[in-house]
Amino acid sequence: MIGGWGHGTTVLAGIPVDPDAPEARRWLREELAKAPYQAARPTWFDRLSQAVLDWFGSLVAPSGQGVAGWVPLIVIIVVALVLAALLIIFGLPRLNRRSSLAADLFGVNDRRSAADLRTAALAAASHRDWTLAGMEMFRALARGLFERTILMTTPGTTAHYFAERAAEAFPGDRVRLAAAADVFDGLRYLGQVGTEEGFLALAALESDLRGAVPVRREDPAPAVLP
């Protein structure tokens, strides 16, 4: 009897039934620190997902306005999607157009700047390669007018048609431009051998036009075949 009572006393003594507040908080912390509770805690992904869902949930029409309250939001979303689609499909039209035009230079895919072409011409001249020097200098002249938005070349533009259109911007140099086109065509297509005299004439024309003020135009003249 005494042993049984003693055993019962031991069991009851191991079950606290009235802890004070600090003790209760400690038990709660110990309990929540166990693996099952930790595994149930939301992860960073859970919190991020909930934040996104809360944001979407906030995009609601003001109460009492019905469908009309959604109209501004719908319009903004539609406009944004249309603009994004246009940029993806066409890019920036003016920049793309200029980039495409700049690539073609009298039948050659050439993206060099006027300064680069001029440097190449002078380098060829230093080796007395007057043929290459002459062609590069004429290209430098054309690219320089393009960069200044005075004249644009397009695929199919010939040297002579370019010279005719350039003469409209620089009427005082019409004869020199026509002669320069003759030299370029002879070197590029007719197998003629360049001369120092021909190169120097091209270089002088390129230098003069680089510093000349063209006849005023509202837009760059397109040097394209009719």
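Structure above, values below:
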{"read-out": "Leading residue by the ranking (nearest to ALA140 (Cα to Cα)) among those in segment 102-129 that are touching a helix residue (DSSP H, G or I) at 6+ places or on another chain (Cβ under 6 Å) and surrounded by fewer than 19 Cβ atoms within 10 Å (Cβ to Cβ)", "value": "ALA120"}
{"read-out": "Which listed residue, of THR158, THR131, THR149, THR154, is modelled with pLDDT of 95 or more and under 18 Å from LEU105 (Cβ atoms)", "value": "THR131"}
{"read-out": "Inter-residue pairs, beta-carbon under 7 Å, first basic (Lys, Arg) and in segment 123-144, second not in a loop (DSSP other than H, G, I, E, B), 6+ apart", "value": "ARG139/LEU105; ARG139/LEU117; ARG143/LEU105; ARG143/ALA114; ARG143/LEU117"}
{"read-out": "Number of positions in segment 142-157 that are open to solvent by less than 20 Å² (accessible area, probe 1.4 Å), within 13 Å of SER113 (Cβ to Cβ) and of a type outside the set (Gly, Ala, Ser)", "value": "3"}
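The values are calculated or read from the model by the stated rules, or taken from the named source; none is laboratory data. Note that the coordinates shown come from a computational prediction; the quantities given were computed from them, not determined experimentally. When we count neighbours, we look across all protein chains shown, and the Cβ atoms used for this are built from the backbone with ideal geometry, even at glycine. All accessible areas refer to the heavy atoms of the entire protein, side chains included, with ligands and DNA or RNA removed. Shrake-Rupley method; radii C 1.70, N 1.55, O 1.52, S 1.80 Å.
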